[in-house]
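Here is the structure we will look at.
The values are calculated or read from the model by the stated rules, or taken from the named source; none is laboratory data. Note that this is a predicted model, so its numbers are computed, not measured. Here the Cβ is made from the backbone with ideal geometry for all residues, glycine too, and neighbour counts use every protein chain on show. Just so you know, the surface numbers come from the protein's heavy atoms only, side chains and all, with ligands and any DNA or RNA stripped out. Shrake-Rupley method; radii C 1.70, N 1.55, O 1.52, S 1.80 Å.
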Amino acid sequence: MKKRIGIFGSTGSVGRQALEVIREQHDHFEVEILTAYQNAGLLIGQAMEFRPNAVIIADKNLYKQVFEALDPQDIKVYAGDEALVQIMEMESMDLVLMAIVGFAALAPTLAAIQNKKQLALASKESLVVAGKLIRQLTIENRVPLIPVDSEHNAIFQSLMGEGNNPIEKIVLTASGGPFRGFNRQKLQKVTPADALKHPVWNMGPKVSVDSATLMNKGLEAIEACWLFGLKLQQIQVLIHPESLIHSLVYFTDGSVKTQMSRPDMKIPIQFALSYPERLHNNLERLDLSEQNTLHFESPDIENFRNLALAFEALEKGGNLPCILNAANEIAVQAFLREQIGFLDFRSC
Ligand code: NDP
C-alpha cells in the first residue's frame, strides 16, 4: 500500500522538495492533497503531474482560476483558510506534511492532530506559539509527530532506540547564516537580497531572513523544548558553518549521538515521510575524506540579538513566545519590504 500524503504548502521550498522525494519514491507514496496560498500557477502544475484527490488555494480570489484548470481533470478544488482545516477530516490521507510558513500553519496543524493524522511538521512557528497545546493533543490523540526541521529530525533520529533514557542536553547546530562574522557597521548596510542568499540552504524568504538574524535558531530552541520535553538550560546553540552535523544529543553517561548528512532537506523530508522505515535513494552521500575540518563557534548574541530575545521569551514562558513570533513575522515582512533595516529587528 502506498502512503497517501497531504502536502500543506506544496508550492514552498519544503513542499517542492517533498514533491521531488515523492517523484523519486513513487512506489511508496502518492499525493492526496496539495495546497498553496497564492501561487495558483504552480499549484495547478503540481496537480496536473501528481494527480491529487483535491487541492486547496487559501486565497479565495484565486478559486475560479484553479477550479477552471482542475475541475475538468477530475481534481476537487477548495478555497479559503477553513478548507485547510476541514480537509483534515478526509479519511484517505495517511500523513500530513505541514509546510505552511508562519502562524497560518497553526489551525490546520491542530486539526490534523485532532483528526489523528500522522504529522510530519516543518512549520516550526506552530510549536512556538502553541507548543503546550500541540504536545497535549498529540499525547491525547496518540498522534506520531515527526519533525522535519533538519536539527530536530537529527535529534529525533538520535533518540530512536533510547526509550526513556534521560537527555542531559542538546546542541542545536546553526550554519550562522549569510552574515556570520559581520560587525554592526557591516550589518547596517545589508539588504533583503543579501539576507536571502543563504550560504548553505535554499529556503523560503521568511526562514532565510530568520536564519540571517539567528531568530531561526531561537524559534528552533522553543520548538525543541516542546518536541523533546526539554528545559531552556538543556539547550545550547553552536555555529557549525559546514552544516554536516545536524545537532547533537548528550546523554547522562557522557555519550553523545548525532545524525550527519550532506545539507539537503530532502533527507529529513524523506525520513519524515517514510518513518519508521528508511528508503534507499540516490542523493549525494557525505564523504568525510573530502572534509578536512569541521568548525564550531559560539553564536554572537551581541550583534544578533534575536537569538537572546527568543531565549528570554522561552525562559519567561506564558504568551511571550507567541508574542515574539507575531512581532518577528511583522518585522520580517517589514524588512523584506525595505521598511526597516537589519539592525532595527532589535528594537521591534
Ligand atoms: P515558503 O515560503 O517557501 O513556502 C510557504 C508555503 O506556505 C507556500 O506553499 C505558501 O503558498 C504557503 N502559505 C504561505 N502563507 C500562507 C497562508 N497564509 N495560508 C496558507 N498557505 C500559506 O516556506 P518554506 O518552505 O521555506 O518553509 C515552510 C516552513 O518550514 C517554515 O515554518 C519554515 O520555518 C520551515 N522550514 C523550512 C526549511 C526550508 O529548507 N525551507 C527547513 C526547515 C524548516 P504560496 O507559495 O502560494 O505563497
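A few notes on this one:
- Pairs where the first residue, in the range 2-30, is more than 19 Å from residue 87 (Cβ to Cβ) and the second is of a type in the set (Lys, Arg) and away from the ligand (no atom under 15 Å from the Cβ), C-beta under 7 Å, 6+ apart: 28/2; 28/3
- Test for residue 290: is it more than 14 Å from the ligand (Cβ to nearest atom), under 17 Å from residue 21 (Cβ atoms) and exposed (fewer than 10 other Cβ atoms within 10 Å of the Cβ): no
- Subset of the range 35-55 that is within 8 Å of the ligand (Cβ to nearest atom) and of a type in the set (A, V, I, L, M) - its residue that is most open to solvent (accessible area, probe 1.4 Å): 42
- Number of the condition not met by residue 136 [criteria: (1) without any contact (Cβ under 8 Å) to a residue 40 or more places away in the chain; (2) buried (at least 24 other Cβ atoms within 10 Å of the Cβ); (3) of a type in the set (S, T, N, Q); (4) more than 26 Å from residue 1 (Cβ to Cβ)]: (2)
- Any hit, the range 94-105, residues being touching a strand residue (DSSP E or B) at 6+ places or on another chain (Cβ under 9 Å), farther than 15 Å from residue 35 by Cβ and within 16 Å of the ligand (Cβ to nearest atom): no
- Test result for residue 194, within 16 Å of the ligand (Cβ to nearest atom), at pLDDT 95 or above, in contact with a Pro (Cβ under 8 Å, 6 or more places away or on another chain) and of a type in the set (D, E, K, R): no
- Number of the exception - residue 247 against (1) more than 18 Å from the chain's Cα centre (by Cα); (2) hydroxyl-bearing (Ser, Thr, Tyr); (3) on the phi > 0 side of the Ramachandran plot: (1)
- A Cβ distance below 6 Å, combined with a sequence gap of six or more or placement on separate chains, defines the contacts here; from the range 250-269, residues that are more than 16 Å from the ligand (Cβ to nearest atom) reach residues that are basic (Lys, Arg) and open to solvent by 30 Å² or more (accessible area, probe 1.4 Å) in the pairs 250/169.
- Odd one out for residue 228, checked against (1) in contact with a strand residue (DSSP E or B) (Cβ under 7 Å, 6 or more places away or on another chain); (2) within 13 Å of the ligand (Cβ to nearest atom): (2)
- Among the residues making up the range 204-215, those that are of a type outside the set (Val, Ile, Thr), in contact (Cβ under 8 Å) with a residue 60 or more places away in the chain and either away from the ligand (no atom under 11 Å from the Cβ) or in contact with a Gly (Cβ under 8 Å, 6 or more places away or on another chain) (or both) are 204, 206, 212, 214.
- Number of the condition not met by residue 188 [criteria: (1) within 16 Å of the ligand (Cβ to nearest atom); (2) out of contact with any strand residue (DSSP E or B) (no Cβ under 9 Å at 6 or more places or on another chain)]: (1)
- Number of residues in the range 8-21 that are surrounded by fewer than 23 Cβ atoms within 10 Å (Cβ to Cβ) and of a type outside the set (Ser, Thr, Tyr): the value is 4.
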